[in-house]
Amino acid sequence: MCNTQARVLHIFYCTNGHSVTLGVKTMKKMVKQVLKKSSLHEKLRLYGILGGETLQGITYREATMQAIDGGMTCMQVREKHLDKEQILKMISEIKPICDEAGVPLIINDDIEICKVSDASGVHLGLSDGSIAEARKLLGEEKIIGATAHNLEEALAAEDEGADYVGVGAAFGSNSKGDAIKLPSLDVYNLITSSVKIPVVAIGGIDIDNIGTLAGRHLAGVAVISALFGTQDIKKSAEDLRNMADKLQHEKLRSGI
Ligand SMILES: Cc1ncc(COP(=O)(O)OP(=O)(O)O)c(N)n1
Ligand SMILES: Cc1nc(C(=O)O)sc1CCOP(=O)(O)O
Ligand SMILES: [Mg+2]
């Protein structure tokens, strides 16, 4: 039911006999949104979080290329000690690499930097501002991630319109001083069985403990030190990705 010359599409709802008319632009936007949501689960499989403090003497560009070559599927810029201008410069160095590889680039904490840099989205913690407000400013196409430490926070994030939730700290953390270890990894099972949005585990995840996250229906793992803090980032990404791909398998749960 498409009249392309008039740049108008007619969509008929057969159930009640009524029709709505949508412009091609609106239709394209809707398709983009559906694609964003449907591929997000896979894109979160190995989520690398980059900050200069973690790197062992290599550039942001080199670290990004190595991680992507090894299988990183999503990336977050998390710079706690740079000003906006410096962060925007850093983003300008790595965004073309992420874009080329189809790896979403998420900005930690700062909605404005996300908007100005046209990054793929933003990650907001509990004290980083409202998800609903971020959605208003960024629109439906951008990815908005939220932090949760328990079921209540995960449900609230979903309710507010978050696209995914990062839940931790799975095993504590060397990179985030104030991270609080989850009382039990079973918190993941509780959350993944209660929310519809993808859930990512974070906090102290490395190649030795990642296997214990299997069978908990996680979309993936978010990692700082076990990826960007290592000497061979490509090899670390390969190993973590290999394990992250197997997280759905129940049998890994008892160890590897
Ligand atoms: C994927 C992901 N999950 C959780 C966090 C933590 O966010 P937040 O609680 O805001 O802490 P900071 O990262 O801002 O210190 C995250 N960044 N990414
Ligand atoms: C950014 C972040 N958030 C956490 C949370 O628990 O919410 S833990 C964490 C740091 C993750 O780094 P690493 O992989 O080196 O432990
Ligand atoms: Mg934050």
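Summary table
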item: Condition broken by Ile202, with the remaining ones in (1) open to solvent by 20 Å² or more (accessible area, probe 1.4 Å); (2) more than 24 Å from Gly71 (Cα to Cα); (3) within 12 Å of ligand 2 (Cβ to nearest atom) satisfied; result: (2)
item: Residues satisfying the stated conditions in segment 163-177, i.e. away from ligand 1 (no atom under 11 Å from the Cβ) and either open to solvent by 50 Å² or more (accessible area, probe 1.4 Å) or hydrophobic (A, V, I, L, M, F, W, C) (or both); result: Phe171, Asn174
item: Top-ranked residue of segment 95-115 - restricted to ones that are under 27 Å from Ala148 (Cβ atoms) and in a helix (DSSP H, G or I), ranked as farthest from ligand 2 (Cβ to nearest atom); result: Lys115
item: Search result, residues across segment 64-93 that are assigned to a helix (DSSP H, G or I), among the β-branched types (Val, Ile, Thr) and either within 16 Å of ligand 3 (Cβ to nearest atom) or surrounded by fewer than 21 Cβ atoms within 10 Å (Cβ to Cβ) (or both); result: Ile87
item: Filter result for the condition that a residue is among the charged types (D, E, K, R), surrounded by fewer than 21 Cβ atoms within 10 Å (Cβ to Cβ) and within 13 Å of ligand 1 (Cβ to nearest atom), over Asp118, Asp109, Asp99, Asp159; result: Asp109
item: Any chance Ile180 is among the β-branched types (Val, Ile, Thr), outside any helix (DSSP H, G or I) and open to solvent by less than 40 Å² (accessible area, probe 1.4 Å); result: no
item: Failed criterion for Lys142 (all others in (1) buried (at least 20 other Cβ atoms within 10 Å of the Cβ); (2) at pLDDT 95 or above; (3) farther than 28 Å from Lys115 by Cα hold); result: (3)
item: Ala154, sole failed condition from (1) over 30 Å from Met27 (Cα atoms); (2) open to solvent by less than 40 Å² (accessible area, probe 1.4 Å); (3) within 11 Å of ligand 1 (Cβ to nearest atom); result: (3)
item: Criterion: at pLDDT 95 or above, touching a helix residue (DSSP H, G or I) at 6+ places or on another chain (Cβ under 9 Å), acidic (Asp, Glu) and outside any loop (DSSP other than H, G, I, E, B) - qualifying residue of Glu158, Glu133, Glu152; result: Glu133
item: Criterion: within 13 Å of ligand 3 (Cβ to nearest atom) and free of Cβ contacts under 8 Å to residues at least 24 places away in the same chain - qualifying residue of Gly129, Gly145; result: Gly129
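The values are calculated or read from the model by the stated rules, or taken from the named source; none is laboratory data. Quick caveat, the model's predicted, so the values are computed rather than measured. Quick reminder, even Gly has a Cβ in these numbers, built from the backbone with ideal geometry, and neighbours come from all protein chains shown. These area figures cover heavy atoms from the full protein model, side chains too; ligands, DNA and RNA do not enter into them. Shrake-Rupley method; radii C 1.70, N 1.55, O 1.52, S 1.80 Å.
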